[in-house]
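What follows is one structure encoded as structure tokens, with my remarks underneath.
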């Protein structure tokens with residue numbers, strides 16, 4: 001005797017819509033070939049809420065896994081009232097991050113920093129990049145990029161205008177790619193204690 005939920009009894013049913021324990025599974029021939037199953041919840045709002053919550057959790061978990069760059073923000077005192085602000089990016093293997101300065105034929109989004117105004121601090125010079133820069137060129141697409149793999153340290157010198165404790169805050173916007181895909185630009189905020 002066949003179990004009404006068994007795959008054998010489902011294959012023998014003719015209608016396109018099969019009713020299984022409150023779920024309708026649409027299994028048209030085209031959908032079978034494409035490997036799709038479309039689930040429609042039938043008259044049970046709690047199941048709808050549960051499935052929606054499960055979907056949201058799944059999307060958040062997938063997005064959290066695709067974060068190939070981690071940032072570390074620190075301040076190091078190098079002289080009286082003078083600090084080096086280190087904004088260090090570490091990339092997972094196979095991923096790269098773009099330099100602030102890109103060639104004219106680049107389409108990559110360069111890494112950029114926004115530093116909030118602080119009346120107690122004066123920025124000294126531009127942000128320097130410490131790392132092994134790779135000059136990438138794709139001859140097929142005739143595009144170039146200045147990029148880093150593994151790690152890069154962005155360093156900004158800042159001077160205190162008076163002896164005081166304060167913070168340097170801002171954000172970094174960056175894009176990261178591997179050999180197959182690029183992720184959308186991302187912004188990370190930072191707030192670094194200067195003491």
Among the residues of the range 93-124, which ones are loosely packed, with under 14 Cβ neighbours inside 10 Å and either over 23 Å from the mean Cα position of the chain (by Cα) or at negative phi (or both)? 93, 101, 104, 105, 107, 114, 116, 117, 119, 122, 124
Can you tell me how many residues within the range 160-188 are surrounded by 12 or more Cβ atoms within 10 Å (Cβ to Cβ) and in a strand (DSSP E or B)? 15
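Examine the range 125-136 for a residue that is under 21 Å from the mean Cα position of the chain (by Cα), at pLDDT 95 or above and within 19 Å of residue 176 (Cβ to Cβ), and state whether such a residue exists. Before the answer, list the steps.
Just the residues of the range 125-136 that are under 21 Å from the mean Cα position of the chain (by Cα), to begin with: none.
The answer is no, given that none of the residues of the range 125-136 is under 21 Å from the mean Cα position of the chain (by Cα), at pLDDT 95 or above and within 19 Å of residue 176 (Cβ to Cβ).
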Looking at (1) more than 20 Å from residue 68 (Cβ to Cβ); (2) free of Cβ contacts under 8 Å to residues at least 24 places away in the same chain, find the lone condition where residue 123 falls short. (2)
Which one of these is under 23 Å from residue 187 (Cα atoms) and without any contact (Cβ under 8 Å) to a residue 24 or more places away in the chain: 70, 149, 99? 70
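The values are calculated or read from the model by the stated rules, or taken from the named source; none is laboratory data. Bear in mind the structure is a predicted one, so any value in this text is a computation, not a measurement. Neighbour counts are summed over all protein chains in view; Cβ atoms, including those assigned to glycine, are modelled from backbone coordinates with ideal geometry.
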